[in-house]
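Only one structure is covered here, and it is reproduced in the block below.
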Amino acid sequence: MTETSPPAENDRESVRLRRPEKRDAQSLWRLVCADETLDTNSCYLYLLQATEFADSCVVAELNDEIVGFATGFRPPTRPQSLFVWQVLVAPSARGMGLAKQMLLYLVEQGEAVQFIEATITPSNAPSRGLFASLASRLGAAIEYSRCFEPADFGASDHEAEELVRVGPI
Ligand SMILES: CC(C)(COP(=O)(O)OP(=O)(O)OC[C@H]1O[C@@H](n2cnc3c(N)ncnc32)[C@H](O)[C@@H]1OP(=O)(O)O)[C@@H](O)C(=O)NCCC(=O)NCCS
């Protein structure tokens, strides 16, 4: 993995994208805990992602502080895909292109990535806008299909999650 800087940011000189390390897990966990959109997980999960899955994850630093991340994995049954599990940018750093740059980083750094996948709730307009913009940037198709229904989440009162698939790239 190499480090890259997004090309078109307001703070171009101080933004850095890199793969996560173990010491970053707490920052990722804190960002998620402070967000009202994403499901909260334990810090243990982010420790695993920052170590065992680091090759398919990225963090964005602004002035040496982690302000965003994207975590993902390569599904064993679909080796050409990179499944994005969570992507998050701190409210103070939104609208600068960071999320899109992080997804492009995962495409560029991953080996032979042909598809980017994720699940998105129908109400998450920012996430839908992000993946539409990514597809446009890559000149790739974007498809939505049913994935998890509210009933699949049992009593936890969760919206449906649709599978979004961008590619082939
Ligand atoms: C979704 C999220 C990661 C976007 O981060 P961001 O860094 O502000 O996004 P970017 O600046 O890279 O924008 C990328 C594209 O998404 C679109 N977008 C971003 N925010 C949007 C919004 N609120 N409504 C509609 N589209 C939006 C932009 O139009 C942009 O497209 P463009 O470059 O063609 O104009 C951020 O809003 C967030 O962290 N939300 C809470 C967590 C979440 O919902 N994550 C996604 C599900 S895992």
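Every number in this text was worked out from the coordinates using simple rules, so none of it is lab data. These numbers come from a predicted model, not from an experiment. Ideal geometry is used to build each Cβ from the backbone, glycine not excepted, and the neighbour counts take in all protein chains shown.
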- For the charge dipole of the stretch 12-166, defined by +1 on Lys and Arg C-beta atoms and -1 on Asp and Glu C-beta atoms about the Cα centroid, which residue among LEU17, SER92, SER127 has the Cα displaced farthest towards the positive pole? LEU17
- Query: Lys/Arg Cβ at +1, Asp/Glu Cβ at -1, dipole of the chain taken about the Cα centre: which of THR40, ILE66, LEU106 is farthest positive-ward?
  - Reply: LEU106
- Taking the Cα centre of the chain as origin and charging only Cβ (+1 Lys, Arg; -1 Asp, Glu), how large is the dipole, in debye to the nearest 20? 360 debye
- Item | Separation between Cα centres of the stretch 39-86 and the stretch 119-138, rounded to whole Å | 18 Å
- Contour minus Cα-Cα span, SER42 to GLU21, at 0.36 nm per residue, comes to 5.9 nm
- Message: What number does the stretch 29-109 give for Rg over Rh if you use C-alpha atoms and the Kirkwood radius?
- Response: 0.95
- Task: Determine the calculated [θ] at 222 nm for the chain from helices alone, applying -39500 (n - 2.57) to every DSSP H run no shorter than 4 residues and normalising by the residue count; nearest 500 deg cm²/dmol.
- Result: -8000 deg cm²/dmol
- Query: Given H placed on each backbone N at 1.01 Å, which residues far from ALA90 in sequence or on other chains put an amide H within less than 5 Å of it?
  - Reply: GLY68
- Could you give the dipole magnitude of the stretch 56-123 about its Cα centre, charging the beta-carbon of Lys and Arg +1 and that of Asp and Glu -1, in debye to the nearest 20? 260 debye
- Extension gain SER136-HIS158, at 0.36 nm per residue separation less the Cα-Cα distance, in nm? 5.0 nm
- Message: Pairs of alpha-carbon atoms within less than 8 angstrom and 6+ residues apart define the contacts here; what relative contact order does the stretch 12-166 have, in percent?
- Response: 17 percent
